[in-house]
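Here it is, the structure, as structure tokens.
The values are calculated or read from the model by the stated rules, or taken from the named source; none is laboratory data. This is a predicted model, so every value here is computed, not measured. Cβ atoms come from the backbone with ideal geometry, glycine included; neighbour counts cover every protein chain shown. With ligands, DNA and RNA removed, areas are computed over all heavy atoms of the protein, side chains included. Shrake-Rupley method; radii C 1.70, N 1.55, O 1.52, S 1.80 Å.
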Amino acid sequence: MSQPPALPGFGHGLKVIFRMQMRRLIRGRKLRLGLVSCALILFAVIAARYASARDVGPERSLEIAQDAITSGFSWGFFKLLAFLLPFLFTSSAIAEEVEGRTFTYVASRPVSRFAMVLGKWAAGTLLAVGLLVGSGLLLHLIGYATEPTALVDQFAETGRTLLALALLGVCYGGICVFWGAVAPDAGGILAGLYLGVIEWLVQFLPGSFRLISMNYLGQQVAGMERAGLMPETAPEIDAIIGGPVILGVGLLFLFFAGLVVQGSEYRFSKA
């Protein structure tokens, strides 16, 4: 007597959801919007860098390049792209299934709901981190194109910055997936409020309040100078501590997102 075929395991379901979500993101508008956002930031920083370096000596040219790239990473990446890209690719990961009335179908397949959450998060986070790191590498290469020595010497510092951005991409992806799972109808609003208040505004507060913000910890991992209100009162965090904390917070949000989806019966918001 033949036995029934075995149900696909967690890993197989994860790969299927990952491929489906990656295909959806690549074919949709979000990837194009992310690419345009990165291109605009790169253009602005590079244009400012080379416009300021006209008719100056080599030492001043190197100083201008370092200042432009540092400011570009600080404002263009940590304070804009690090929020925008994970939000863009992950905040609607669950809502798009609920609103599109495909959640019931996907959830009824022999794939665990946690695998569904993890696969969608992995696809969105991979794109977000890929754009952050790729754009950061381009900024380094183009910004130091006229400074061959600095191009090599400053690569370790840029690599540290890219590591911090990658950690923030992973963390913010988990946060956005969580809020999208808690309230699919308002997941984007809640995720945006959380990122805007807890992550963006808190990083400028004085004292230990900044420790609530993973973005501040990311800047500490990158070795950036403290700014904001009363920067001298802000605690210094070692990269060995800050990096695991950022990663742990993101995975914790992702875990709770899986629990929420596992126990929820979503209702369609459209008749």
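Residues that are farther than 23 Å from Gly250 by Cβ and at pLDDT 85 or above: which helices (runs of 4 or more DSSP H) entirely in the range 28-136 hold 3 or more of them?
Those helices (runs of 4 or more DSSP H) span 29-51, 58-71.
Residues being open to solvent by 60 Å² or more (accessible area, probe 1.4 Å) and assigned to a helix (DSSP H, G or I): count how many of those fall in the range 146-178.
Within the range 146-178, residues that are open to solvent by 60 Å² or more (accessible area, probe 1.4 Å) and assigned to a helix (DSSP H, G or I) number 9.
From the set of residues in the range 114-135 that are surrounded by fewer than 20 Cβ atoms within 10 Å (Cβ to Cβ) and of a type outside the set (Gly, Ala, Ser), which is nearest to Val45 (Cα to Cα)?
Top of the filtered list is Val133.
Might you check whether a residue that is within 28 Å of Leu190 (Cβ to Cβ) and crowded, with 18+ Cβ neighbours inside 10 Å occurs anywhere in the range 60-71?
no
Consider only pairs whose beta carbons are under 6 Å apart and that are at least six residues apart or on different chains; among these, list those whose first residue lies in the range 151-174 and is hydroxyl-bearing (Ser, Thr, Tyr) and whose second residue is part of a helix (DSSP H, G or I) and crowded, with 16+ Cβ neighbours inside 10 Å.
Partner pairs satisfying both residue conditions: Thr158/His140; Thr161/Phe73; Thr161/Ala222; Tyr172/Pro86.
Please go through the range 213-259 and give me each residue that is under 22 Å from Leu81 (Cα atoms), more than 17 Å from the chain's Cα centre (by Cα) and in a helix (DSSP H, G or I), ordered by number.
Scanning the range 213-259 gives a single hit, Ala239.
Return the pair list, or none, for Cβ contacts closer than 6 Å from residues in the range 187-201 that are over 23 Å from Glu99 (Cβ atoms) to residues that are among the aromatic types (Phe, Trp, Tyr) and surrounded by 15 or more Cβ atoms within 10 Å (Cβ to Cβ), at least 6 apart or on different chains.
Pairs found: none.
Where residues in the range 215-253 are out of contact with any Leu (no Cβ under 7 Å at 6 or more places or on another chain) and more than 23 Å from Phe204 (Cβ to Cβ), which of them is most open to solvent (accessible area, probe 1.4 Å)?
Of everything passing the filter in the range 215-253, Ile240 is most open to solvent (accessible area, probe 1.4 Å).
Now a separate question. Could you pull out the residue among Tyr266, Tyr194 that is modelled with pLDDT of 90 or more and either assigned to a loop (DSSP other than H, G, I, E, B) or surrounded by 13 or more Cβ atoms within 10 Å (Cβ to Cβ) (or both)?
Only one candidate qualifies: Tyr194.
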